[in-house]
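A short worksheet on the structure shown next.
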Amino acid sequence: MIHIEQLHKDYRVGSRTVSALNNVNLHIPRGKIFGIIGRSGAGKSTLLRTFNLLERPTRGAVRINGADITTLGKAELDRMRQQIGMVFQNFSLLSAKTVGANVEFPLKLAGGHSKEERNRRVDELLELVGLSEHKDKYPAQLSGGQKQRVGIARAIANAPQLLLCDEATSALDPETTQSILALLAEINQRLGLTIVLITHEMQVIRSICDNVAVIEAGEIVETGPVADVFLHPRHAVTRRLVAEYTHDDFDLAGGGAASGRRLRLTYTGEAAYQPILTRVVEQTRAQITILQGAVSRIKDKPYGQLLVEIGGADEEAAAVLDLFRRLDVHCEVIN
Ligand code: ADP
């Protein structure tokens, strides 16, 4: 749905030029939830804001449904923007207007609806986001999670094809974050709209995204399906993000007591439910020490990950590796 081609964005700061985006190329498929993750200052907001030209790139193309939006005139751009909703970290609600009036606002701006039609649509949207009984309240009377539900209802009021989420859950506690993520996943499923979100939190990507791009210093360093990128990270930045999230600490793990080869084992799908270690120990008589382990999920895909140490001679270790691989376990030798 979106093709970003050789995108650059430079900011002038006094006499200096800051390069916020450097040759970004991205393909975002229709109907998916696509996450962009990176540290503060990596360029996430700048990139997301080029998708509706809140930021105009210095060079490059932003193709949405085939058309490069950087070449559109004002009227065409306004029309295109109605196909794109946006949700903000700080909600950006109109504090002097009720919940109902906030959601009605973009419908009024778009025009072409009678008062009754707008009212019906507002009721439908508030029901979708679970806020029907709060229609006449003001934003100050709502919790953070409820405010973001209003933000989401407003963003999808004109039935956009694309929803952009700018750190939509960063101001929320973990439980509320999960409920907002569940709402976004439901909207993606029910309405079939494409969602692009930016975040610095791995948990957000793991919970709902289908694909992810990792951005660092204005460059996309890695992109692909979430399970591929996070279970088998190739770039140092991605590895660091994964290590921070999983609290990997090789020095602490095992406390230096064991002395064999360290392996990271990753298994997904059916293998996650199998007694893999038991089988390997039975067949090879290997001595395996578990240093760290977790069974978890990426979106709805279960996976297991173990950091283990294998004792014994080289040939025995080679036999263990070979057996793991035959059992569909991905093995990464750490040392
Ligand atoms: P992120 O969203 O990942 O925190 P940003 O896209 O906000 O990153 O910023 C990327 C880089 O561009 C940073 O170095 C930031 O300081 C710089 N930057 C962003 N907006 C501006 C601006 N309006 N003027 C100058 N520099 C900016």
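In the list LEU125, LEU163, LEU109, which residue meets the criterion of being of a type outside the set (D, E, K, R), under 24 Å from ILE64 (Cβ atoms) and touching a strand residue (DSSP E or B) at 6+ places or on another chain (Cβ under 9 Å)? That would be LEU163, the only listed residue that is of a type outside the set (D, E, K, R), under 24 Å from ILE64 (Cβ atoms) and touching a strand residue (DSSP E or B) at 6+ places or on another chain (Cβ under 9 Å). Among the residues of segment 15-34, some residue qualifies, meaning at least one is over 28 Å from VAL229 (Cα atoms) and of a type in the set (D, E, K, R). When every residue of segment 31-41 is checked against the conditions, at least one turns out to be more than 8 Å from the ligand (Cβ to nearest atom), in contact (Cβ under 8 Å) with a residue 60 or more places away in the chain and either of a type in the set (Asp, Glu) or not in a strand (DSSP E or B) (or both). In summary, SER45 fulfils each of the numbered conditions (1) within 21 Å of HIS200 (Cβ to Cβ); (2) within 11 Å of the ligand (Cβ to nearest atom); (3) outside any helix (DSSP H, G or I) with the single exception of condition (3). Of all residues in segment 123-140, exactly one satisfies the criterion of being outside any loop (DSSP other than H, G, I, E, B), touching a helix residue (DSSP H, G or I) at 6+ places or on another chain (Cβ under 8 Å) and farther than 19 Å from ILE187 by Cβ, namely PRO139.
Quick one: is GLY60 within 16 Å of the ligand (Cβ to nearest atom), of a type in the set (Gly, Ala, Ser), within 28 Å of THR199 (Cβ to Cβ) and not in a loop (DSSP other than H, G, I, E, B)? The answer is yes for GLY60.
Could you please find all residues in segment 133-146 being surrounded by 13 or more Cβ atoms within 10 Å (Cβ to Cβ) and more than 16 Å from LYS97 (Cβ to Cβ)? The answer is GLY144, GLY145. Exactly one residue among VAL333, VAL295 is surrounded by 12 or more Cβ atoms within 10 Å (Cβ to Cβ) and either of a type in the set (A, V, I, L, M) or in the same structural domain as VAL204 (by TED's automatic domain parsing) (or both), and that residue is VAL295. Against the conditions (1) surrounded by 14 or more Cβ atoms within 10 Å (Cβ to Cβ); (2) more than 14 Å from the ligand (Cβ to nearest atom), SER95 satisfies every one except (1). Considering every residue within segment 68-82, establish whether at least one is in the same structural domain as ASP228 (by TED's automatic domain parsing), within 20 Å of the chain's Cα centre (by Cα) and not in a helix (DSSP H, G or I). No, the conditions are met nowhere in segment 68-82.
Consider segment 193-229. How many of its residues are of a type in the set (Val, Ile, Thr) and within 8 Å of the chain's Cα centre (by Cα)? Residues meeting the conditions: 7.
The values are calculated or read from the model by the stated rules, or taken from the named source; none is laboratory data. In this text, all values refer to a predicted model and were calculated from it rather than measured experimentally. So basically every Cβ, Gly included, is an ideal-geometry build from the backbone, and we count neighbours across all protein chains shown.
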